[in-house]
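Note sheet for the following structure.
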Amino acid sequence: MQYCNFPHYILIILTVLTTSCSVEKYIPEGERLYTGGEVIINSDSTIVNQNLLKAELESVLRPSPNTKILGMYPNLSIHYKAQRENPGVINKWLNKKIGEEPVYLSDINPKRIEQLMFNRLDNRGFFYSKITSVIDSTQKNASIIYTANLSKPYTLEEFALEKDSLTIYTEIEKALQETEIKAGDRFDLELMKFERERIDHQLKQRGYYNFNPDFLIFEADTNRYDNKRFDLFLRLKRNLPKKTVRAYSIDSISVYPNFSIDTDMESELSATSINGIDFYQEKEFFKPKKLEPYILFTKGQQYNSEAARLTSNRLSALGVYKYVNISLNEMD
């Protein structure tokens, strides 16, 4: 079988190589093939994790240029050949599999990319930086060089929680014991977003069912300093509904081991209770005492989203259920 397939591989390879000639003759008049972008970073001060910052700026260089292999554009060449009046079966097939439409300089918006880079630098604390772009071109090809002249970044002096008498602030304080926001760090919007998600996750383990990370507000204050330093304050949004800052506990647990869309949850089904969990089923589909250890809720405990997730995973892993649905009903 190996010997029978070998000629087919040779045919494909030779076809690709013979179609990988220069593509310049196919480039329309007035267009230049985009060959990519380059980012140069200039700064008067040392930049922590400069390689990561450069990679983040390079991530906005869109669209990407056509694939280049050994100085040639095989995928693009195949696309051009497939556009001819009689492209042939092989060219059509190759174009469908690996062909690439051309990316021209006219498809690139350097000013838009500059603005995206500027926003990324703002998010990382490099306010008032400057970005310029220069087109480096020949008659048929063009690349773009972006130069980022970075200002000195703003660094954190003090981080504090603005709190009041709400109990939830005590839980937020506990969560902040593991914060990654430290004095001396530069301003980092992405880190603040991560911190909001992390605090929300912790609160969800402590009963705050209706909480949302958007309820947390970070405020930066530069008024105390004149050397690109700032204080950072965390607080809750004003006038939040009471239910969003209130911890919930479990009043009762009802389990339907053989539930379907036709199940009438209001019907009079007899319940089997084990350790505070009520099991409802017309006929015994699953023995309650066998199912109970997989349910990680207990009556009276605070709501815990991680317990809900693990319970769902454990029940799904049994291989008995196609779907596991955990429904939470709020009581007045």
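The values are calculated or read from the model by the stated rules, or taken from the named source; none is laboratory data. All values derive from a computational prediction rather than experimental measurement. When we count neighbours, we look across all protein chains shown, and the Cβ atoms used for this are built from the backbone with ideal geometry, even at glycine. Note: areas computed on protein heavy atoms with side chains; ligands, DNA, RNA excluded. Shrake-Rupley method; radii C 1.70, N 1.55, O 1.52, S 1.80 Å.
Would you confirm, using the coordinates I've provided, whether Ile199 is under 30 Å from Ser316 (Cβ atoms) and surrounded by 12 or more Cβ atoms within 10 Å (Cβ to Cβ)?
In short, yes.
Suppose the filter is open to solvent by less than 40 Å² (accessible area, probe 1.4 Å), within 29 Å of the chain's Cα centre (by Cα), in contact (Cβ under 8 Å) with a residue 12 or more places away in the chain and within 30 Å of Asp185 (Cα to Cα); does Leu236 pass it?
yes
For Tyr128, all conditions in the list (1) under 30 Å from Arg235 (Cβ atoms); (2) in contact with a Cys (Cβ under 8 Å, 6 or more places away or on another chain) hold save one; what is the number of the exception?
The single condition Tyr128 does not satisfy is (2).
Please work out if Asn223 is among the polar types (S, T, N, Q), open to solvent by 40 Å² or more (accessible area, probe 1.4 Å) and either touching a Ser or Thr at 6+ places or on another chain (Cβ under 6 Å) or within 24 Å of Ile168 (Cα to Cα) (or both).
For Asn223, the condition - among the polar types (S, T, N, Q), open to solvent by 40 Å² or more (accessible area, probe 1.4 Å) and either touching a Ser or Thr at 6+ places or on another chain (Cβ under 6 Å) or within 24 Å of Ile168 (Cα to Cα) (or both) - is not met.
What number of residues within region 108-122 satisfy the criterion of being open to solvent by less than 40 Å² (accessible area, probe 1.4 Å), outside any loop (DSSP other than H, G, I, E, B) and either of a type in the set (Val, Ile, Thr) or in contact with a helix residue (DSSP H, G or I) (Cβ under 7 Å, 6 or more places away or on another chain) (or both)?
2
For region 123-149, name all the residues that are touching a residue at least 24 places away in the same chain (Cβ under 8 Å) and open to solvent by 80 Å² or more (accessible area, probe 1.4 Å).
Across region 123-149, the qualifying residues are Ile135, Thr138, Gln139.
Report, by residue number, each residue of region 176-196 that is open to solvent by 70 Å² or more (accessible area, probe 1.4 Å) and of a type in the set (A, V, I, L, M).
The answer is Ala183, and nothing else.
Has region 64-82 got at least one residue that is surrounded by 15 or more Cβ atoms within 10 Å (Cβ to Cβ), at pLDDT 90 or above, within 21 Å of Ile145 (Cα to Cα) and touching a Leu at 6+ places or on another chain (Cβ under 7 Å)?
For region 64-82, residues surrounded by 15 or more Cβ atoms within 10 Å (Cβ to Cβ), at pLDDT 90 or above, within 21 Å of Ile145 (Cα to Cα) and touching a Leu at 6+ places or on another chain (Cβ under 7 Å): present.
When you go through Glu85, Glu158, Glu101 one by one, which is the residue that is surrounded by fewer than 16 Cβ atoms within 10 Å (Cβ to Cβ) and touching a strand residue (DSSP E or B) at 6+ places or on another chain (Cβ under 6 Å)?
Glu158
Let me spell it out: the conditions are (1) among the acidic types (Asp, Glu); (2) within 24 Å of the chain's Cα centre (by Cα); (3) at pLDDT below 95, and Asp164 meets all of them except one. Which number is the exception?
The failed condition is (2).
A quick yes/no check of all residues on (1) surrounded by fewer than 14 Cβ atoms within 10 Å (Cβ to Cβ); (2) more than 23 Å from Leu116 (Cα to Cα):
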residue	(1), (2)
Ser22	yes, yes
Asn49	yes, no
Leu52	yes, no
Glu56	no, no
Val60	no, no
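Each row is one residue, and each column tells you yes or no for (1) open to solvent by less than 60 Å² (accessible area, probe 1.4 Å); (2) of a type in the set (Gly, Ala, Ser); (3) over 21 Å from Leu203 (Cβ atoms).
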| site | (1), (2), (3) |
| --- | --- |
| Tyr280 | yes, no, yes |
| Lys283 | no, no, yes |
| Glu292 | yes, no, yes |
| Ile295 | yes, no, yes |
| Thr298 | no, no, no |
| Asn304 | yes, no, no |
| Ala307 | yes, yes, no |
| Arg314 | no, no, yes |
| Tyr323 | no, no, yes |
